[in-house]
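**Student:** Below is the structure I would like to discuss, written out as structure tokens.
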Amino acid sequence: MKSKIKVLLSKLGLDVHNRGIITVAKELSNAGMEVVYIGNALPRQIVSAAVQESVDVVGVSSLGGAHLTLGSPLIEEARREGVKEKVVFVIGGVFAPQDAVRLGEVGFDGVFTPGVTRDEIVSSIRRLVEQKAKI
């Protein structure tokens, strides 16, 4: 595994609520990770940026209700481009508990809901990257 984890962060779709993802970006950076934040993007743009940047993790945030509508196509695009096997995909936001379960079922490696701590996010990402590297 590389010594420094590289994370691509994006708002999923047109969601403009970016306070949480900016806070997460700062926390990941403070934890020694390299963070690339691309702002709002659609699934194809996110996967393309992930490939171009050679990231270990793609983290998306959804507070506007598009988590399933755009989350599933994001994972499908990642599979089509052959990056799902190598890159950790996580999503955070405000959604119903059953949607959090569904997001895991469609292929997100981690799902973060309100109340998760910054330390839990950082440690989960480190663990998931380590697990993915062993595959």
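The values are calculated or read from the model by the stated rules, or taken from the named source; none is laboratory data. Treat the numbers as computed from the prediction; the structure is a model and nothing was measured. Please note: Cβ atoms are built from the backbone with ideal geometry, for glycine as well, and neighbour counts cover all protein chains shown. Ligands, DNA and RNA are excluded from the accessible area calculation, which covers all protein heavy atoms including side chains. Shrake-Rupley method; radii C 1.70, N 1.55, O 1.52, S 1.80 Å.
**Student:** On the basis of being within 23 Å of residue 25 (Cα to Cα), in contact with a Leu (Cβ under 7 Å, 6 or more places away or on another chain) and open to solvent by 10 Å² or more (accessible area, probe 1.4 Å), does residue 99 make the cut?
**Tutor:** no
**Student:** Assuming residue 109 fulfils every condition listed in (1) open to solvent by 40 Å² or more (accessible area, probe 1.4 Å); (2) of a type outside the set (Phe, Trp, Tyr); (3) out of contact with any Phe, Trp or Tyr (no Cβ under 6 Å at 6 or more places or on another chain) apart from one, which condition is it?
**Tutor:** (3)
**Student:** Mind checking which pairs have a first residue in region 7-24 that is on the phi < 0 side of the Ramachandran plot and a second that is basic (Lys, Arg), Cβ under 6 Å, 6 or more apart or different chains?
**Tutor:** That search, which allows pairs on different chains as well, returns 18/11.
**Student:** Just one of 34, 53, 120, 77 is on the phi < 0 side of the Ramachandran plot and without any contact (Cβ under 8 Å) to a residue 12 or more places away in the chain; which is it?
**Tutor:** 120
**Student:** Please specify each residue of region 97-112 satisfying the condition of being in a helix (DSSP H, G or I) and touching a residue at least 12 places away in the same chain (Cβ under 8 Å).
**Tutor:** Result: 97, 99, 100, 102, 103, 106.
**Student:** Which strands (runs of 3 or more DSSP E) does region 1-68 wholly contain that include 3 or more residues that are open to solvent by less than 20 Å² (accessible area, probe 1.4 Å) and out of contact with any Pro (no Cβ under 6 Å at 6 or more places or on another chain)?
**Tutor:** 6-12, 57-62
**Student:** Quick one: is residue 116 open to solvent by 30 Å² or more (accessible area, probe 1.4 Å), at pLDDT below 95 and of a type outside the set (S, T, N, Q)?
**Tutor:** It is true that residue 116 is open to solvent by 30 Å² or more (accessible area, probe 1.4 Å), at pLDDT below 95 and of a type outside the set (S, T, N, Q).
**Student:** Among (1) closer than 15 Å to residue 33 by Cβ; (2) outside any helix (DSSP H, G or I); (3) among the small types (Gly, Ala, Ser), which single condition is residue 115 missing?
**Tutor:** (1)
**Student:** Yes or no: residue 85 part of a loop (DSSP other than H, G, I, E, B) and either in contact (Cβ under 8 Å) with a residue 60 or more places away in the chain or at negative phi (or both)?
**Tutor:** yes
**Student:** A follow-up question, please. In this structure, is residue 94 in contact with a strand residue (DSSP E or B) (Cβ under 6 Å, 6 or more places away or on another chain), free of Cβ contacts under 8 Å to residues at least 40 places away in the same chain, open to solvent by 10 Å² or more (accessible area, probe 1.4 Å) and among the aliphatic types (A, V, I, L, M)?
**Tutor:** Criteria not met by residue 94.
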